[in-house]
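Working notes for the structure below.
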Amino acid sequence: MAKPIIFGDRIEITYNLGKENEFKANKGATVEIFDQEYIILFGPSGCGKSTLLYCMFGVLEPSAGKMYVNGESIYDFTPMQMVHFQRKTMGIMYQSFNLIPSITVLDNVALPLIFDGVPPNERYDRGMELCRRFMIDKVAHKRPTLLSGGQQQRVSVARSLVNDPQILIADEPVGNLDSITAAQVMDTLAEINEKDKKTVLLVTHDAKYLPYAHRIVYMSDGRVERLVPNPEKKQILKLAPGTTIVTEIEQIARIYPYDSPNELQVKSIVNYLTEELTFDQITRLQKVTEAVISGRMDGAGYLRSLMSDFDAGGVGLPVARASEMAGKLMSIVEHALDVQRYRRSKGEGGVQIRNMEFINRIAEFISGQFELSLDPTQKEHFEDSIAQRIGGFIKRDEFSEQIGLSLKEGGVGLNKKQSFDVSRLTEKLIALGIPRTGEAHH
């Protein structure tokens, strides 16, 4: 069996050791990484993934345990050996780029070569070769501050490769980039791994990048919770047949990336007990529903997508179920717009408590969904409660409680199930009707 290129043996890293504010960032983390693998260290902020990465880089000595790279205990190196290791074995990309603003792009790329005593002509040639590869040759003589975020990160990539390192490490390299530029950088890292045969170590908390990796190191609370091969990618480390299998758990994990294996198993079983849709269908349903919500698809297109065979790109629902679902969504979208319109009708004192046109439509829609038979007084109280909730004057639990009160107490007199159902649908309208980039709600 191949030996790992990196072996972290029960790594513990403690900040402020022995002080009142002592904090243990890594708690016995053990990990093996093999030559030419693409590894992602994944977990929520503060889980210790970046700490472990920088320990591998040679800048965070463990409080306990050993870090081996190419079979050598790197923290036994002399200072000069460590400098040579970090120059020749490791290349690094940062989220914040860390470019020097006072020198050109080309000089930033070639800078590591100066410390190796490489002659100027050779530095220029090697630097320009990388600039051309990463399509920054036309800005090679500009200052980094004149470049876009994506261009600056490509400069960072080129600089990290100028010494032809064996291992490329990247700490949240796309955290400051827009989605399109981030995808381009991630594709570049995949190319470096596949074509240049570099070992790539990436830190991220974003689950959408997990398919790039050969294996994912899931971390939580300073520990390696599990190390999972990507069954959809050919493994560098040879595994026995049957070791990896694409299961529903892997699919659910992409939706709930921070859940434990047990929690994922529970979600799988609960889904089977409560829903007839597969997770593949749910994923497809999410995509077409997003298209409607974002205005890229109308109701007729949504219905066609729901009814179309799964193999043809649809969700594959029966006609009756598709019609019911399409009608329900379009009604929700329509009345979510009423939520928007109501909240926009503001006076100097804030959101108006009454705007009958919008509130009436919302109240009639909700009561119709649950076949509520309301007398005039109940209807008035119902509309008042909806107006207060949508206006942000009461919280969701207060709304649910209020509509369950008796008429004498100012409520609507709904039973517990009715109150729950009405409150749940009202929150769906609010969630869809209030832009995430705008107002906060509770």
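Observations on the model:
- Options 392, 410: the member that is in contact (Cβ under 8 Å) with a residue 12 or more places away in the chain, at positive phi and loosely packed, with under 15 Cβ neighbours inside 10 Å: 410
- Residue in the range 81-93 that is part of a strand (DSSP E or B), under 20 Å from residue 192 (Cα atoms), assigned by TED's automatic domain parsing to the domain that holds residue 216 and not hydrophobic (A, V, I, L, M, F, W, C) present: yes
- Any hit, the range 380-402, residues being modelled with pLDDT of 90 or more, assigned to a loop (DSSP other than H, G, I, E, B) and not assigned by TED's automatic domain parsing to the domain that holds residue 293: no
- Verdict on residue 100 being surrounded by fewer than 18 Cβ atoms within 10 Å (Cβ to Cβ) and touching a residue at least 40 places away in the same chain (Cβ under 8 Å): yes
- Residue in the range 147-158 that is more than 19 Å from residue 181 (Cβ to Cβ), in contact (Cβ under 8 Å) with a residue 40 or more places away in the chain, assigned by TED's automatic domain parsing to the domain that holds residue 198 and surrounded by fewer than 21 Cβ atoms within 10 Å (Cβ to Cβ) present: no
- Selection within the range 357-389 - under 14 Å from residue 424 (Cα atoms), of a type outside the set (S, T, N, Q) and surrounded by fewer than 16 Cβ atoms within 10 Å (Cβ to Cβ): 370
- Any hit, the range 189-198, residues being closer than 26 Å to residue 125 by Cβ, modelled with pLDDT of 95 or more and touching a helix residue (DSSP H, G or I) at 6+ places or on another chain (Cβ under 6 Å): yes
- Some residue of the range 203-217 being polar (S, T, N, Q) and part of a helix (DSSP H, G or I): no
- Pair list, Cβ under 8 Å, 6 or more apart: the range 180-193 residue free of Cβ contacts under 8 Å to residues at least 12 places away in the same chain, other residue buried (at least 20 other Cβ atoms within 10 Å of the Cβ): 182/174
- Filter pass, residue 374 being assigned to a helix (DSSP H, G or I), modelled with pLDDT of 90 or more, over 29 Å from the mean Cα position of the chain (by Cα) and not aromatic (Phe, Trp, Tyr): no
- Taken over the range 33-50, the residue count meeting the criterion of being within 23 Å of residue 89 (Cα to Cα) and free of Cβ contacts under 8 Å to residues at least 40 places away in the same chain is 0.
- Positions within the range 403-442 being modelled with pLDDT of 85 or more and in a loop (DSSP other than H, G, I, E, B), in sequence order: 405, 406, 407, 408, 409, 410, 411, 412, 413, 414, 415
- Qualifying residue in the range 230-244 (condition: buried (at least 18 other Cβ atoms within 10 Å of the Cβ), part of a loop (DSSP other than H, G, I, E, B), at pLDDT 85 or above and out of contact with any Phe, Trp or Tyr (no Cβ under 6 Å at 6 or more places or on another chain)): no
- Only one of 67, 56 that is outside any helix (DSSP H, G or I) and at pLDDT 95 or above: 67
- Within the range 103-146, the set of residues being touching a residue at least 24 places away in the same chain (Cβ under 8 Å) and acidic (Asp, Glu) comprises 116 only.
- Residues (among the basic types (Lys, Arg) and over 29 Å from the mean Cα position of the chain (by Cα)) located in the range 1-19: 3, 19
- Screening the range 1-32 for residues that are among the polar types (S, T, N, Q) and touching a residue at least 60 places away in the same chain (Cβ under 8 Å) and picking the one that is surrounded by the most Cβ atoms within 10 Å (Cβ to Cβ) gives 26.
- Leading residue by the ranking (farthest from residue 141 (Cα to Cα)) among those in the range 85-112 that are among the small types (Gly, Ala, Ser) and modelled with pLDDT under 95: 91
The values are calculated or read from the model by the stated rules, or taken from the named source; none is laboratory data. Predicted model only: the values in this text are computed from it and were never measured. Quick reminder, even Gly has a Cβ in these numbers, built from the backbone with ideal geometry, and neighbours come from all protein chains shown.
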